[in-house]
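Structure first, then comments.
The values are calculated or read from the model by the stated rules, or taken from the named source; none is laboratory data. Every value quoted in this text rests on a predicted model; they were computed, and no experiment measured them. So basically every Cβ, Gly included, is an ideal-geometry build from the backbone, and we count neighbours across all protein chains shown. Ligands, DNA and RNA are stripped out before the accessible areas are found, and what is left, the full protein with its side chains, is counted by its heavy atoms. Shrake-Rupley method; radii C 1.70, N 1.55, O 1.52, S 1.80 Å.
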Amino acid sequence: MSFEIKLPLFEGPFDLLLFFIERDELDIHDIPISKITNDFLDYLHHLEQMNIEVASEFILVAATLMRIKSKLLLPRPQLDDEGNEIDPREELVKHLLEYKKYKSVIEQLKNMEEAQISKEKRGNIAKEVRSLSETINVEAEIQDLDLYKLLRVFQRVIERYEIEQNKPTHEVIQYPYTIASQKDFIVHELGKSPRLAFSTVIEHDPNKIAVIFNFLAILELLQLNIITMHIGEGFNNFWIEKLEEVAAE
């Protein structure tokens, strides 16, 4: 009498560990390391009895489990920099969670592949492409041309033209003023008259931009000590003089 023992095949050591955890309904964040180590080693012993070559990754994980088990048996736990106890199972749990996440994604991709394979392919693609090319043929469109289509095209063209014409435009105007030219103008006017009222300067060119340039020119002449300013009463009531004429007085 002879009998056969059939063991389930797993894709890797983490697949085997997840099987034990799900089978025994264990908490993956609080793994009973002693029990799961014994189950893992027992599975490897059965493989050896059946003359099945044990892969190196299974042996590595078995050694890792035994190392974690030995650390848990030590009377002095390891502490981190903050004085908290380090759980030797933490790294193993991290790898198991990563493996479980990728395994679930692979299962979804497998289902999507099977669903795609089960679908029937489309019919005569060449005939459909030929039919589409005929519908956009220019000669075919001209043959079906009528007055209504012409009017619709004309209306769309007119609408686009009106939109283009009514677009807001921004025009940059170069004003014929500079501070240097307005300084020369004010000095020239002071040569005609010893005193020059600011209202007279405004009356000469009442443009707002000209007023600004003239005012800036007066400020710069004041800074250069070329002119002096006398302030009177009222709004914009001041006049300017050359400094040499003031000193002569």
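With N as its number of residues, segment 60-115 has a Cα radius of gyration that, divided by 2.2 N^0.38 Å, comes to 1.69. Placing R0 at 35 angstrom, the Cβ-Cβ distance between Y102 and D42 gives a FRET efficiency of 0.85 after rounding to 0.05. Relative to the current alpha-carbon distance between E220 and S199, full extension at 0.36 nm per residue lengthens the span by 5.7 nm.
Placing dummy labels 7 Å off each Cα toward the beta-carbon, the span from S118 to E164 is 5.6 nm. Near the amide H of F238, within less than 5 Å, lie the amide hydrogens of F198, S199, G232, all on another chain or at least 5 residues away, with H placed in the peptide plane.
In this rough spin-label picture, where each label sits 7 Å from Cα along the Cβ direction, the L26-D80 distance is 2.3 nm.
Think of a 1.4 Å ball rolled over the protein heavy atoms: segment 142-240 then has 79 Å² of accessible area per residue. Of all lysines in the structure, those lying under 27 Å Cα to Cα from K242, and not within fewer than 8 positions of it along the same chain, are K183, K192, K208.
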